[in-house]
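Working notes for the structure below.
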Amino acid sequence: MAMPERKPKGTRKGYTTGACSAAAARAAVLGLLEGRVPEQVECVLPNGQTVIFPVLDGWSDGLRAQAVVEKDAGDDPDCTNGAHLTAEVGWLEAPGQIELLGGDGVGLITRPGLGLAVGGPAINPVPRKNIEYNIRLIAAEALQNCGLTVTISVPGGAEMAKKTLNYRLGIIGGISILGTTGIVHPYSTAAFRASVVQGVEVAANQGQASVVLTTGGRTEKFVMCELPELDDSCFVQMGDFLTPALDAAARCGIQHIIIGGMVGKLTKMAQGETITHAGRAPVDVELVADIARSIGAPGDVCDTIVAQETARYASECMAELGLEYEFHVELAKRVIATLENRYPGRFHISVLVCDFDGNKLAEAGRI
């Protein structure tokens with residue numbers, strides 16, 4: 001007998017916190033209607049797919065009911081994997097109304113700009129609609145005479161939130177209930193890209209004139225130390241998504257762009273790469289050699305830079321020659337020139353350069 005085909009490691013899909021919350025809410029409402037919470041429940045995802053979820057810790061006393069769905073993030077490295085999305089439901093003296101509340105472990109919105117009410121729970125619009133949709137599918141008759149209150153909570157959510165950038169968006173005390181399709185795609189670039197755009201939009205909605213785009217944690221820590229006068233909302237970890245970040249900034253009217261980076265990613269930006277991931281395109285070593293040549297590096301060193309094929313090697317060569325500062329200033333200027341050519345007259349662009357330990361090497365542009 002042929003063995004079933006195994007999915008390659010790292011490709012197994014999972015379910016969002018929003019999908020798990022909707023499933024828990026549907027199971028809890030079934031418990032309220034039928035007197036017993038089922039051990040598994042169907043849930044219609046925002047993408048229209050119907051999925052069966054196992055249900056944990058269900059109870060009902062006729063007035064209130066609770067159900068828990070454990071999040072399975074698939075092969076995505078997600079800090080909410082294994083979280084217990086918990087829905088507690090009860091009757092409400094308001095026919096047809098479904099009141100959605102956030103309980104323990106669900107973040108609280110403290111700033112405008114997220115499309116959610118300040119003071120309300122961090123349950124995004126699509127999950128809100130999906131939770132309500134699943135409830136109305138099974139409780140339409142009961143809702144003719146009364147309403148329902150639904151409280152979503154996540155035990156341990158406050159600790160999980162410390163591993164996210166929620167605080168930067170003004171979300172405190174817990175995680176966000178997220179998801180646009182209901183499905184978590186492994187190592188989802190789409191989700192990260194969306195978070196970058198959202199970060200820029202939040203800065204704009206806070207009235208910030210500047211956005212500081214960084215390529216990762218070390219560069220962000222570096223620029224935060226360099227620019228302590230800026231509000232936390234100005235800082236956005238863009239990763240490899242330079243163009244989506246800049247497009248969002250242009251759309252939102254942000255005028256001043258500050259980029260914090262190290263030699264490798266900055267070289268990708270200078271050569272005009274729209275996505276700066278290492279695997280997308282090689283570093284243009286001819287460009288790196290040209291920068292070295294322009295600041296007076298010897299020809300044989302420039303030839304060696306071309307042969308080695310890494311921007312970091314060029315940086316190390318310049319340090320040995322005492323040209324490290326000049327090299328990184330020129331690199332920063334090339335980044336600015338490339339981006340100003342792409343977005344003519346749109347931004348004032350500045351670049352801050354650090355080494356691999358987060359120490360400042362150079363800057364260019366009007367900081």
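The values are calculated or read from the model by the stated rules, or taken from the named source; none is laboratory data. As the structure is a computational prediction, the values presented were derived from the model and not from experiment. Cβ sites come from the backbone with ideal geometry, for glycine too, and all protein chains shown count toward neighbours. Surface accessibility is based on the protein's heavy atoms, side chains included, excluding ligands, DNA and RNA. Shrake-Rupley method; radii C 1.70, N 1.55, O 1.52, S 1.80 Å.
For region 197-218, enumerate the residues that are modelled with pLDDT under 90 and either of a type in the set (Ser, Thr, Tyr) or touching a Phe, Trp or Tyr at 6+ places or on another chain (Cβ under 8 Å) (or both).
Matches in region 197-218: Thr215, Arg218.
So which of Phe222, Phe192 ends up being open to solvent by less than 30 Å² (accessible area, probe 1.4 Å) and aromatic (Phe, Trp, Tyr)?
Working: Phe192 fails: open to solvent by less than 30 Å² (accessible area, probe 1.4 Å).
Within the list Phe222, Phe192, the selection yields Phe222.
Among (1) under 17 Å from Ala142 (Cβ atoms); (2) surrounded by 14 or more Cβ atoms within 10 Å (Cβ to Cβ), which single condition is Asp72 missing?
Among (1) under 17 Å from Ala142 (Cβ atoms); (2) surrounded by 14 or more Cβ atoms within 10 Å (Cβ to Cβ), the lone unmet condition for Asp72 is (1).
How do the pairs read when you match residues in region 231-244 that are over 15 Å from Met269 (Cβ atoms) with residues anywhere that are hydroxyl-bearing (Ser, Thr, Tyr) and open to solvent by less than 10 Å² (accessible area, probe 1.4 Å), using Cβ under 6 Å and keeping only pairs 6 or more apart or on different chains?
Gln237/Thr214
Provide a single number: the residues in region 49-60 that are open to solvent by 40 Å² or more (accessible area, probe 1.4 Å) and out of contact with any Gly (no Cβ under 9 Å at 6 or more places or on another chain).
Total satisfying the criteria: 5.
How about region 75-85: which of its residues are modelled with pLDDT of 95 or more and open to solvent by 40 Å² or more (accessible area, probe 1.4 Å)?
His84
In region 161-187, which residue that is of a type in the set (Lys, Arg) and in contact (Cβ under 8 Å) with a residue 40 or more places away in the chain is least open to solvent (accessible area, probe 1.4 Å)?
First, pick out the residues of region 161-187 that are of a type in the set (Lys, Arg): 162-163, 168.
Narrowing further to those that are in contact (Cβ under 8 Å) with a residue 40 or more places away in the chain: 163, 168.
Values: Lys163: 161, Arg168: 9 Å².
Checked region 161-187; the qualifying residue least open to solvent (accessible area, probe 1.4 Å) is Arg168.
Mind listing whichever residues of region 19-48 are part of a strand (DSSP E or B) and either surrounded by fewer than 20 Cβ atoms within 10 Å (Cβ to Cβ) or free of Cβ contacts under 8 Å to residues at least 60 places away in the same chain (or both)?
Gln40, Val41, Glu42, Val44
Of everything in region 86-127, what is among the charged types (D, E, K, R) and buried (at least 19 other Cβ atoms within 10 Å of the Cβ)? Give them in sequence order.
Within region 86-127, Glu88 is the sole residue that qualifies.
In region 307-322, how many residues are under 24 Å from Gly365 (Cβ atoms), surrounded by fewer than 18 Cβ atoms within 10 Å (Cβ to Cβ) and aliphatic (A, V, I, L, M)?
The number of residues fulfilling the criteria is 1.
Testing Gly199 on (1) without any contact (Cβ under 8 Å) to a residue 60 or more places away in the chain; (2) closer than 21 Å to Val106 by Cα; (3) touching a Gly at 6+ places or on another chain (Cβ under 9 Å); (4) not aromatic (Phe, Trp, Tyr), one condition comes back false. Which one is that?
Answer for Gly199: the failing condition is (3).
In region 286-301, what residues are crowded, with 20+ Cβ neighbours inside 10 Å and over 20 Å from Cys354 (Cα atoms)?
Ala297
State whether one or more residues within region 100-111 are within 20 Å of the chain's Cα centre (by Cα), assigned to a strand (DSSP E or B), of a type in the set (A, V, I, L, M) and at pLDDT below 95.
Scanning region 100-111, I find at least one residue that is within 20 Å of the chain's Cα centre (by Cα), assigned to a strand (DSSP E or B), of a type in the set (A, V, I, L, M) and at pLDDT below 95, so the answer is yes.
Tell me, which residue of region 245-272 that is touching a residue at least 60 places away in the same chain (Cβ under 8 Å) and among the small types (Gly, Ala, Ser) is surrounded by the most Cβ atoms within 10 Å (Cβ to Cβ)?
Among them, the one singled out is Gly260.
Hey, does region 144-160 have a residue that's within 18 Å of the chain's Cα centre (by Cα), under 18 Å from Tyr15 (Cβ atoms) and in contact (Cβ under 8 Å) with a residue 12 or more places away in the chain?
Yes, some residue in region 144-160 is within 18 Å of the chain's Cα centre (by Cα), under 18 Å from Tyr15 (Cβ atoms) and in contact (Cβ under 8 Å) with a residue 12 or more places away in the chain.
Restricting to helices (runs of 4 or more DSSP H) lying wholly in region 250-367: which have 1 or more residues that are among the acidic types (Asp, Glu)?
Passing ranges, in order: 285-294, 299-308, 311-320, 324-342.
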